[in-house]
Ligand code: ATR
């Protein structure tokens with residue numbers, strides 16, 4: 001039987017998710033249909049889309065820009081949220097909460113939200129053989145992208161975490177909020193600073209800002225160095241990666257993270273693990 005999936009976004013025509021999931025299905029021998037779903041940017045439309053999809057027998061949906069926070073609110077009021085979605089404040093993966101369905105909860109009330117973005121990053125970094133255990137890590141950025149990777153990085157066993165951002169108050173507010181919400185995060189004792197004040201030697205520096213889209217460059221301190229530099233953006237030459245590559249660091253853009261988060265969604269929906277490296281190669 002064909003299992004149905006969608007990715008909901010606005011815009012959505014550029015999404016690579018259907019190609020990626022079609023490769024996962026070929027690898028695992030499952031019959032799936034995975035479609036791009038455009039949705040107007042308002043709660044009523046988003047709710048109508050997800051309810052119609054799950055009422056129609058859909059198995060799982062990915063959620064992308066600008067709906068990740070809206071999906072979080074919807075699931076918080078319905079079928080619940082995973083720990084990672086709660087901390088991220090955002091949902092990228094929707095499915096039905098089977099325990100609720102068994103109790104007779106209506107389908108629309110059983111829509112559940114997970115977030116696989118951060119674990120997708122961790123899995124990609126691990127597959128690159130970059131050292132995460134006991135690593136000194138810095139993240140630049142304090143928006144949704146940064147927020148989603150903090151807990152998975154701490155769970156991966158890093159030793160130190162510093163968060164830097166253009167607007168210092170945003171990053172201190174974020175750390176205070178997440179430390180209050182999660183004991184694991186509170187125990188990490190995350191340091192904060194402004195982007196230009198970030199200095200010293202790190203094992204891994206991650207760019208979680210949206211600057212890669214703008215063509216601007218980050219004001220990086222001359223005394224900042226790393227062995228490995230990761231930019232969560234992909235699809236164009238990224239000045240952040242060029243900066244550290246020139247200084248001898250290994251670098252990666254976020255394309256593998258995209259495949260990694262998709263693989264975790266697929267696994268969550270179907271119970272089948274996929275070989276991410278093989279899919280990255282064939283794309
Ligand atoms: P996302 O959900 O992709 O993380 P966001 O919530 O809008 O997007 O956050 C964007 C992040 O990129 C923020 O950390 C932002 O810094 P500020 O908090 O100071 O706004 C950062 N960012 C965006 N453009 C930037 C720029 N030109 N220079 C430095 N940081 C930038």
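Odds and ends about this structure:
- Going from the residue with the fewest nearby Cβ atoms within 10 Å to the one with the most, 269, 130 rank 130, 269.
- Computed from Cα positions, the angle between helix 168-181 and the longest principal axis of the chain comes to roughly 50 degrees.
- Normalised by 2.2 N^0.38 Å, where N counts its residues, the alpha-carbon radius of gyration of the range 49-92 equals 1.12.
- Relative intensity, log₁₀ I(q)/I(0), of the range 181-242 from a Debye sum that treats every alpha carbon as a point, q = 0.16, 0.20, 0.29 Å⁻¹: -0.62, -0.88, -1.31
- Residues 274, 65, 49 in ascending order of nearby Cβ atoms (within 10 Å, fewest first): 65, 49, 274.
- Helix 117-127 vs. the chain, principal-axis angle (Cα, 0 to 90°, nearest 10): 60
- Value of Rg/Rh across the range 6-79 [Cα atoms, Kirkwood radius]: 0.98
- Considering only the chain, percent of DSSP beta bridges that pair antiparallel, nearest 5: 15
- Percentage relative contact order, the chain, counting C-alpha pairs under 8 Å, at least six apart: 16
- Crossing angle, helix 43-55 versus the chain [Cα axis fit, 0-90 degrees, rounded to tens]: 60
- Across all Cα pairs in the range 209-283, the calculated P(r) in 10 Å bins from zero up to the longest distance comes to 17, 40, 27, 14, 2 percent per bin.
- The range 1-106: antiparallel DSSP beta bridges as a percent of all, rounded to 5: 15
- Tail beyond 16 Å, pair distance distribution of the range 106-154 (Cα, percent): 50
- Neighbour counts of C-beta atoms inside 10 Å place 134, 253, 231 in the sequence 134, 253, 231, starting with the fewest.
- D_trans [Stokes-Einstein, Kirkwood Rh over alpha-carbon pairs] for the chain, 25 °C, 0.890 mPa s, µm² s⁻¹: 126
- Cα pair count fraction exceeding 21 Å, expressed as % - the range 1-134: 44
- Distance from the range 10-86 to the range 214-261 (C-alpha centre basis), Å: 29
- Annotation: the range 91-188 has a Kirkwood hydrodynamic radius of 15.2 angstrom, from the mean reciprocal C-alpha pair distance.
- The chain, helix-only ellipticity at 222 nm - DSSP H runs n ≥ 4, -39,500 (n - 2.57), divided by all residues, nearest 500: -12500 deg cm²/dmol
- Spin-label model, residue 221 to residue 250: label points 7 Å out along the Cα-to-beta-carbon direction sit 2.6 nm apart.
- Protection proxy ranking for 85-92, 37-44, using the average of other Cβ atoms within 10 Å per residue and placing the highest first: 85-92, 37-44.
- Hydrodynamic radius by Kirkwood, which averages 1/r over all alpha carbon pairs of the range 140-206, in angstrom: 12.0
Here, each number is a calculation from the coordinates, and none is a lab measurement. Please read all numbers here as calculations on a predicted model, not as lab measurements. Counting neighbours? That spans all protein chains shown, and the Cβs are built from the backbone with ideal geometry, glycine included.
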